[in-house]
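The values are calculated or read from the model by the stated rules, or taken from the named source; none is laboratory data. As the structure is a computational prediction, the values presented were derived from the model and not from experiment. Note: ideal-geometry Cβ built from the backbone for every residue, glycine included; neighbour counts use all protein chains shown. The area values use the complete protein model at the heavy-atom level, side chains included, leaving out ligands, DNA and RNA. Shrake-Rupley method; radii C 1.70, N 1.55, O 1.52, S 1.80 Å.
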Amino acid sequence: DVKVTQSSRYLVKRTGEKVFLECVQDMDHENMFWYRQDPGLGLRLIYFSYDVKMKEKGDIPEGYSVSREKKERFSLILESASTNQTSMYLCASSPTGVAGANVLTFGAGSRLTVL
Amino acid sequence: AQSVSQHNHHVILSEAASLELGCNYSYGGTVNLFWYVQYPGQHLQLLLKYFSGDPLVKGIKGFEAEFIKSKFSFNLRKPSVQWSDTAEYFCAVNARSDSWGKLQFGAGTQVVVTP
């Protein structure tokens, strides 16, 4: 069974703190993604990675960075957290598919509150 | 870039009623289409997908969706809902040319089924 594990379900941080959100997948997937989920806005792509040490910006990368040192692990970093980054963060992974026909598997999410 | 529009943000209906959730996308090329569901307290999971072939696709739990290319639509349907269908439903699309499978999501529709 494909599994995507996010290390923290709930975090509370203060403005200006550095925040690390960790994600691990156990199915040897090439692609990993970070989305944020906000009411009324759906899911928006922050960053994705298609290989170790490779990363690409998504639709809303500002204020975030990522790290992928190992194939199974994809970290999202908030260098200096701000209140507008309070959100649910979802990690996902997928194999590389033919004609984009691959399915994302999501983790349970990390709910971050920035005070 | 693709965009996805879901017609309703909130839907409330009684058990045994029929459900139809609208989804339209804008993209000039060929797309893959998805519906994901998020049950309360659970992670996002795939409900059904369309890659090619029969435009009427069947998913889990009695859901189906119809791809109408001329209308850029991929509406989700269920003839008779149950209380357990209470969830948030997301329509998503990716470009067939995108081997990484980046998904563009709609804003989501919160469905509440009353007993």
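Observations
- Counting only Cβ charges, +1 for Lys and Arg and -1 for Asp and Glu, the dipole size of the protein assembly as shown around its Cα centre is about 240 debye.
- Exposure rule at most 15 other beta-carbon atoms within 10 Å, DSSP loop GluC sites (Glu not before Pro): chain A longest free segment: A:18-61
- For the pair B and A, total buried accessible area rounded to nearest 100 Å², probe 1.4 Å: 1900
- Lys/Arg +1, Asp/Glu -1 at C-beta; the stretch A:4-114 dipole; positive extreme among A:Ser80, A:Tyr50, A:Ser7: A:Ser80
- With the whole protein complex present, A:Asp59 retains an accessible surface near 90 Å², based on a 1.4 Å probe.
- Pairs beyond 24 Å (Cα-Cα), from B:Lys78/B:Lys102; B:Lys49/B:Lys102; A:Lys3/A:Lys71; A:Lys57/B:Lys69: B:Lys78/B:Lys102; A:Lys57/B:Lys69
- 3J(HN,Hα) along the stretch B:30-40: 7, 10, 9, 10, 9, 10, 10, 10, 10, 6, x Hz, from the Karplus curve 6.51 cos²θ - 1.76 cosθ + 1.60 with θ = phi - 60°, whole Hz, x for Gly and Pro.
- Relative contact order [Cα under 8 Å, 6+ residues apart], the stretch B:39-115, whole percent: 22
- Surface exposure of the protein assembly as shown, expressed per residue as accessible area with a 1.4 Å probe, stands at 47 Å².
- Point-charge dipole on Cβ atoms (K/R +1, D/E -1) for the stretch B:12-115, about Cα centre, debye to 20: 260
- Mean separation of Cα contacts under 8 Å, 6 or more apart, over the residue count of chain A: relative contact order %: 36
- Solvent-accessible surface (1.4 angstrom probe) belonging to A:Met54, in square angstrom, nearest 10: 80
- Under-5 Å amide H pairs with B:Asn75, H placed in peptide plane, nonlocal only: B:Cys23, B:Glu66, B:Ile68
- Split the accessible area of the protein assembly as shown by element, probe 1.4 Å, and carbon with sulfur accounts for 52%.
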